[in-house]
Amino acid sequence: MSNYETYEYDVLVIGAGGAGLRAAIEASAAAVKVGLVCKSLLGKAHTVMAEGGMAASLGNVDDRDNWKVHFSDTMRGGQYVNNWRMAELHAKEAPARVHELEAWGAVFDRTKDGKILQRNFGGHKYPRLAHVGDRTGLEMIRTLQDHGIHQGISVHMEYTIVTLLKDGERVVGAFGYDRERGRFKIFHAKAVVIATGGLGRAYKITSNSWEGTGDGVVLAYRAGAELLDMEFVQFHPTGMIWPPSVQGLLVTESVRGEGGVLRNKDGKRFMYDDIPENYKSQTSTDPEEGWRYTQNDKNAKRPPELLTRDHVARCIMREVKAGRGSPHGGVFLDIAWIKEKLPNAAEHIKKKLPSMYHQFMQLANLDITKEPMEVGPTTHYAMGGIRVNGDTQMSNVPGLFAAGECAAGLHGANRLGGNSLSDLLVFGKRAGEFAAKFAKENSVGKINDAEIEDAERHALEPFERGAKSGGSADGPYQVQHELQNLMQELVGIVRREDEMVRALDGLGKLSERAGQIAVYGHREYNPGWHTAIDLKNLLTVSEAITRAAIERKESRGGHFREDFQGKDAVFGKVNIILKKNPDGTMNVRREPIPEMPAELKQVIEEMK
Ligand SMILES: Cc1cc2nc3c(=O)[nH]c(=O)nc-3n(C[C@H](O)[C@H](O)[C@H](O)COP(=O)(O)OP(=O)(O)OC[C@H]3O[C@@H](n4cnc5c(N)ncnc54)[C@H](O)[C@@H]3O)c2cc1C
């Protein structure tokens, strides 16, 4: 075996966000040896940024809520191309996972009688998001970390995995380097869980942290895993748009959940102009009723600002395109108006939305208790990703599991806010459980030295080019910048075949350039090198999004085609699957969605 330092584990978890931590805890509880690798410091994973809360039908604020309503909301939000088995498990198991987190010490906001408080969010029929102010992700990570470190998990912080290792069909570990010193390491494991989060960094405007470069999706794809519905990218309707340095930073949906309204430059609440047919029966037509809903009046219907994210984002784009936008190309989000309703509005806003208050005060010099915010859509979440078995979270590659944002299926064409944090808990746990089971049932596989030498050579090539070029070659940042602009312009919120075909051509040229980029200096503390490695992943996920988006010739959820504006029943019955061909090209195919069992169909019927 290659003479790099080698760590031996039963289960290796790649990623220390909510999904990775929860998986590691569960695997460790099954008494197997667990290693956890992450790119950043422990506690800094993207999950820490989550604000609004985690969705679970606890029924604490509205006792009409239950798993059936949550299941049906998730399927409706995902426009029925979801993996219905995952939606069922998620709805059924989320309450237990939230209570478990509470038992492990998580602090939540409380109802007057001491139960976990739940707030309204888009597409959820009842107040369902367990939260602590607008810092829920931080509390989730803190709790999971505190719990996890007592489980004997070995943590490798600031490591990047560059390839998975295989023995025949099966995954047997991973190869990576420590980001500080640039030294290569081998992780030999019986089972691997990928929990590497999102891919928003493929776009210019995004709410995602620097880690969101789609690494896990590409690691799995290169190892032979199938990808599912990569075309479904969520553009969150409300990101900051001003000043330019903070463009894309998220403005949580909780602002609208707490009564915030969207207005165009003429002061009009434009969301009332377009309420989709399948939400009409649940949406108020009267602003007064909408306000009562946000104050938890059980007899009121939701305001249209709390329709699903895909729809709200498109309504904002419509206003901007029609010349009714705000000065910097967005619209206004106003929570300050609630002073007309609440005597202590400023204090209330600061208590309910402390991060938002500070974010705007410090970054835009704007007091949200007094003035409206300027907001516009931002690339936020990948509904598509690694295809997994709904029960076990194993991919089609034996020994390779995935959970969290990098895995696909639960959210269909559009994720409801709050359904990610509960997804991390429910499917993180399942991935850990079944990875541990796999590890117990299988012996250690053999590591292939040639794979390691190949990965090492690829990782170091940019240095060789740097040494030869004498400073004249492109660096990774130029190519990354052009890639993000290309995806933003040609495969963004509104898509067209001719533009996406141009995007594919552009991606091909950028890939060629990426193969020629140079990195200077040495391997210690070299961010240019890290970017060169991430870039390859960004290029592959961009190609996957584009090819799948060309294939889906309809508009559904986060995927809007200007040239096919309606939903098409044919596409409502299929998923788009991508797989690497033996010659390295990307295979695209449609696959029928398995028939939903009668009892789940019945649930959806009942909840209509
Ligand atoms: C601002 C913001 C607010 C949000 N608010 C909410 C909310 O209120 N409710 C909700 O449900 N969802 C929310 N979301 C979405 C949610 O936060 C994410 O979908 C979720 O946190 C993803 O968690 P994860 O565990 O899958 O991955 P992440 O938390 O992204 O963690 C990924 C981990 O993988 C590691 N990693 C990545 N690549 C590699 C590699 N090559 N090698 C080694 N390690 C690697 C990273 O270092 C990191 O540790 C929000 C998102 C944003 C951006």
Relative to the chain, whose Cα atoms define the longest principal axis, helix 67-77 and its Cα axis are tilted in degrees, nearest 10, by 80
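For region 463-511, with only Lys/Arg (+1) and Asp/Glu (-1) charged at the beta-carbon, what is the dipole magnitude about the Cα centre, in debye rounded to 20?
140
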How far is the Cα center of region 534-608 from the Cα center of region 504-520, in Å?
27
Using a Förster distance of 25 angstrom, determine the FRET efficiency expected from the C-beta separation of E277 and D63, and round it to 0.05.
0.30
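Given a 1.4 Å probe and every protein chain left where it sits, what share in percent of the accessible area of region 350-476 is carbon and sulfur?
After summing per-atom areas, the C and S share lands at 49 percent.
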Order E453, E524, E374 by their accessible area, 1.4 angstrom probe, all chains in place, largest first.
E453, E524, E374
Which one of G290, C315, P304 is farthest out on the positive end of the charge dipole of region 280-324, using unit charges on Cβ (Lys, Arg +1; Asp, Glu -1) and the Cα centre as origin?
C315
Calculate for the chain the 222 nm mean residue ellipticity that helices alone would give, adding -39,500 (n - 2.57) per DSSP H run of length 4 or more and normalising by residue count, nearest 500 deg cm²/dmol.
-11500 deg cm²/dmol
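Defining a contact as two alpha carbons under 8 Å apart and six or more residues distant in sequence, what relative contact order in percent does region 538-597 show? Write down the numbers at each step before the final one.
On the way: 59 pairs, mean separation 15.7, N = 60.
Here the relative contact order equals 26 percent.
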Given a Förster radius of 35 Å and the C-beta distance between Y520 and D146 as r, what FRET efficiency does 1/(1 + (r/R0)^6) yield to the nearest 0.05?
0.25
Accessible surface, 1.4 Å probe, highest first, among residues R201, R76:
R201, R76
With 10 Å bins from zero, work out the P(r) of region 86-237 over every alpha carbon pair and list the percent per bin.
8, 26, 34, 24, 7, 1
Just the accessible area for K339, please: 1.4 Å probe, Å², rounded to the nearest 10?
120
If you build the Cα gyration tensor of region 20-73 and take the root of 5 times each eigenvalue, what three semi-axes come out, in whole angstrom, biggest first?
31, 17, 9
What does region 148-243 give for Rg and for Dmax, in Å, if only its C-alpha atoms count?
16.3, 52
Quick one: which residues, 5+ away or cross-chain, put their amide H under 5 Å from the amide H of V574? H built at 1.01 Å from N.
I593
Expressed to two decimals, region 5-95 has a Cα Rg over Rh, using the Kirkwood radius, of 1.08
Taking every pair of alpha-carbon atoms in the chain, give the share separated by more than 43 Å as a whole percent.
16
Mind jotting down the three principal axis lengths of region 419-467 based on Cα atoms? Whole angstrom, largest first.
48, 34, 7
With charges set only on the Cβ (+1 for Lys and Arg, -1 for Asp and Glu), what does the dipole of region 261-395 come to about its Cα centre, in debye to the nearest 20?
80
Carbon + sulfur, % of accessible area of region 210-286 - ligands and nucleic acids excluded, 1.4 Å
52
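Which FRET efficiency value, to the nearest 0.05, is calculated for K339 and D568 with the Förster distance at 60 angstrom and r the Cβ-Cβ distance?
E(calc), rounded to 0.05, equals 0.85.
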How many percent of DSSP beta bridges within the chain run antiparallel, rounded to 5?
65
For region 343-430, whose charge dipole is built from +1 on Lys and Arg Cβ atoms and -1 on Asp and Glu Cβ atoms, the candidate among G412, N396, I349 with its Cα farthest towards the positive end is N396
Could you work out the relative contact order of region 42-167? I mean the mean sequence separation of Cα pairs under 8 Å and 6+ apart, divided by the number of residues, in percent.
37
From the phi angles alone, apply the Karplus equation (6.51, -1.76, 1.60; θ = phi - 60°) to region 79-89 and give each ³J(HN,Hα) in whole Hz, x where the residue is Gly or Pro.
6, 6, 9, 5, 6, 5, 5, 5, 5, 5, 4
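If you place +1 on the Cβ of every Lys and Arg and -1 on the Cβ of every Asp and Glu, how big does the dipole about the Cα centre of the chain come out, in debye to the nearest 20? Each step should come with its number before you reach the end.
Values: 79 positive and 81 negative charges, 128 e Å.
Result for the chain is approximately 620 debye, rounded to the nearest 20.
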Under the Karplus relation 6.51 cos²θ - 1.76 cosθ + 1.60, θ = phi - 60°, what is the ordered set of whole-Hz ³J(HN,Hα) values for region 600-608, x standing for Gly and Pro?
6, 4, 4, 4, 5, 4, 4, 8, 5
Over the chain, what is the mean sequence separation of C-alpha contacts under 8 Å (at least six apart), divided by residue count, expressed as relative contact order in percent?
22
Expressed as a whole percentage, what fraction of the accessible surface of region 133-202 belongs to carbon and sulfur atoms when a 1.4 Å probe is rolled over the protein heavy atoms?
41
Can you give me the long-range amide H partners of D167? Hydrogens built in the peptide plane at 1.01 Å from N, cutoff under 5 Å, separation of 5 or more residues or another chain.
V172
Ordering D73, D474 by accessible area with a probe of 1.4 Å, largest first, what comes out?
D474, D73
Residues of the chain: accessible area per residue at 1.4 Å, in Å²?
37
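The values are calculated or read from the model by the stated rules, or taken from the named source; none is laboratory data. Remember, predicted model here, so these are calculated numbers, not experimental data. Cβ: placed from backbone, ideal geometry, glycine included. Neighbour counts: every protein chain shown. These accessible areas exclude ligands, DNA and RNA; they are computed on the full protein's heavy atoms, side chains included. Shrake-Rupley method; radii C 1.70, N 1.55, O 1.52, S 1.80 Å.
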